[in-house]
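Note sheet for the following structure.
The values are calculated or read from the model by the stated rules, or taken from the named source; none is laboratory data. Just so it is clear, the structure is predicted and the values come from calculations on it, not from any experiment. Reconstructed Cβ throughout: ideal geometry from the backbone, glycine too, with neighbour counts over all protein chains shown.
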Ligand SMILES: Cc1cc2nc3c(=O)[nH]c(=O)nc-3n(C[C@H](O)[C@H](O)[C@H](O)COP(=O)(O)OP(=O)(O)OC[C@H]3O[C@@H](n4cnc5c(N)ncnc54)[C@H](O)[C@@H]3O)c2cc1C
């Protein structure tokens, strides 16, 4: 599709940054007059979107949102900062600007969740009782779980990581530029376990490859992607496509390699493999840390007690409703929810209306009926000006929203969604309007 066809197909709406970029969410439920006390832990993408919807849908409720963080980051934009295209300022806003009127913002973290007593305790020791709790704390980036690594090393000694924040993403862009200048071996990869935006480690690999080509430096660098398991991406058709593209672009892949230690001075990385530890020398490394629940959640009764989501503390949740099976008045939304896949802002966009509509219906005496199908999406950037718009559900089935976009084709239109459309759609989501 060329630019003219795209605009004719409705891309003009997208270019204006309006929420039409993403498919419409279910129609809002009617309102509830319940005077319930609702606590939302976390004011990131999911917490703010939930506060916006509930404050409109439950005008009689007392809504308290708890988060110490004052800045709001548009994290999907970190990839574009890491690509050297966006500035850190473009992905940084103020949480205050998105706080819905009438919602009480407690500017502290939750230190303790006590679901048996229907209460949370903040870091200052303040106890807040609730009738309903929404857990929306996102996740913790555990850089120090990699021996020798810590986030302060990003931008030094050939170490990059677009995950840690806008400034670290900008430092990563500079580290990529230095690497392309000097040449050598660049290592990429991802952690074992659940992670947010599993496409981002692949995107930054594609960006480094494309940038090297554009600068005539591809012959000076060797790029290696270290996959944590037997695939580079969990959805089989996407995995096949990315492998094919890596092969065509000369990106080598090691399977079953999990980064366990790093020696920044010697520029050496050690990976855990089935055959024992393997050490690789590098000139540049993009580190993606292990991710787990924040400590307050992990140490609470809320996480899964068994199964593969238990060890990292993900909150136990029913897949279609995100309701806690053991605590019926607790829901989790966003990255903290212990469901397969998800962990994207695109998933948040679909999860929040489901939980909000069900809560509104239930407190108004109606039967809640909204369900979440696991929708996850990621514009997989494959170079400057090219991306694949990949959307899938809990089962890993591709569920494209736009008939004119082939999910497994590198397209300019899919790039445009990443570069021009997502931020507008994201802001509308924070305001509960998308
Ligand atoms: C590099 C990168 C690229 C990405 N690319 C994409 C993409 O292309 N498409 C996409 O859809 N998504 C992408 N994402 C993922 C997306 O940004 C997240 O999935 C989304 O932000 C999750 O929202 P959340 O509210 O769960 O968590 P967050 O937005 O991270 O917010 C969590 C909030 O909880 C707060 N908190 C933590 N602990 C506590 C506590 N104890 N008490 C109170 N508050 C607490 C934090 O301060 C924070 O404000 C990307 C993310 C990164 C890092």
**Every residue from segment 375-401 that is in a loop (DSSP other than H, G, I, E, B) and closer than 21 Å to residue 348 by Cα** = 375, 393, 394, 395, 396, 397, 399, 400, 401
**Asked** Within the set of pairs 6 or more residues apart or between chains, which connect a residue that is within 15 Å of residue 72 (Cβ to Cβ) inside segment 408-432 to a residue that is at pLDDT 90 or above and not in a helix (DSSP H, G or I) with Cβ atoms less than 7 Å apart?
**Response** 423/74; 426/74
**Asked** Got a number for residues in segment 71-128 being within 12 Å of the ligand (Cβ to nearest atom) and either part of a helix (DSSP H, G or I) or assigned by TED's automatic domain parsing to the domain that holds residue 204 (or both)?
**Response** 11
**Asked** Applying the selection to segment 326-374, what residues are within 16 Å of the ligand (Cβ to nearest atom) and assigned to a loop (DSSP other than H, G, I, E, B)?
**Response** 333, 339, 340, 341, 342, 343, 344, 372, 373, 374
**Prompt:** Do we find that residue 371 is closer than 30 Å to residue 323 by Cβ, in contact with a helix residue (DSSP H, G or I) (Cβ under 7 Å, 6 or more places away or on another chain) and in contact (Cβ under 8 Å) with a residue 40 or more places away in the chain in this structure?
**Reply:** yes
**Asked** Considering segment 139-155 alone, what residues qualify as being within 16 Å of the ligand (Cβ to nearest atom) and outside any loop (DSSP other than H, G, I, E, B)?
**Response** 140, 141, 143, 151
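One line per residue, one yes/no per condition, for (1) under 27 Å from residue 87 (Cβ atoms); (2) touching a helix residue (DSSP H, G or I) at 6+ places or on another chain (Cβ under 9 Å); (3) crowded, with 21+ Cβ neighbours inside 10 Å:
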{"residue": "380", "(1), (2), (3)": "yes, yes, yes"}
{"residue": "388", "(1), (2), (3)": "yes, yes, yes"}
{"residue": "396", "(1), (2), (3)": "no, yes, no"}
{"residue": "410", "(1), (2), (3)": "yes, yes, no"}
{"residue": "414", "(1), (2), (3)": "yes, no, yes"}
{"residue": "417", "(1), (2), (3)": "yes, yes, yes"}
{"residue": "420", "(1), (2), (3)": "yes, yes, no"}
{"residue": "424", "(1), (2), (3)": "yes, yes, no"}
{"residue": "430", "(1), (2), (3)": "yes, yes, yes"}
**Asked** Of the residues that sit in segment 402-434 and are in contact with a strand residue (DSSP E or B) (Cβ under 7 Å, 6 or more places away or on another chain) and part of a loop (DSSP other than H, G, I, E, B), which one is modelled with the lowest pLDDT?
**Response** 405
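This table checks each residue for (1) assigned to a loop (DSSP other than H, G, I, E, B); (2) in contact with a strand residue (DSSP E or B) (Cβ under 8 Å, 6 or more places away or on another chain).
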| position | (1), (2) |
| --- | --- |
| 157 | yes, no |
| 167 | no, no |
| 185 | no, yes |
| 188 | no, yes |
| 194 | yes, yes |
| 205 | no, yes |
| 228 | yes, yes |
| 239 | no, no |
| 262 | no, yes |
**Asked** What is the one condition in (1) more than 12 Å from the ligand (Cβ to nearest atom); (2) assigned to a loop (DSSP other than H, G, I, E, B); (3) crowded, with 17+ Cβ neighbours inside 10 Å; (4) under 25 Å from the mean Cα position of the chain (by Cα) that residue 34 does not satisfy?
**Response** (4)
**Item:** Unmet requirement for residue 171, which otherwise passes all of (1) more than 22 Å from residue 293 (Cα to Cα); (2) assigned to a helix (DSSP H, G or I); (3) touching a helix residue (DSSP H, G or I) at 6+ places or on another chain (Cβ under 8 Å)
**Value:** (3)
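Yes or no: residue 208 touching a residue at least 24 places away in the same chain (Cβ under 8 Å) and within 16 Å of the ligand (Cβ to nearest atom)?
Yes.
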**Request:** Just need a number here: residues in segment 154-167 that are more than 16 Å from the chain's Cα centre (by Cα) and in contact (Cβ under 8 Å) with a residue 60 or more places away in the chain.
**Result:** 7
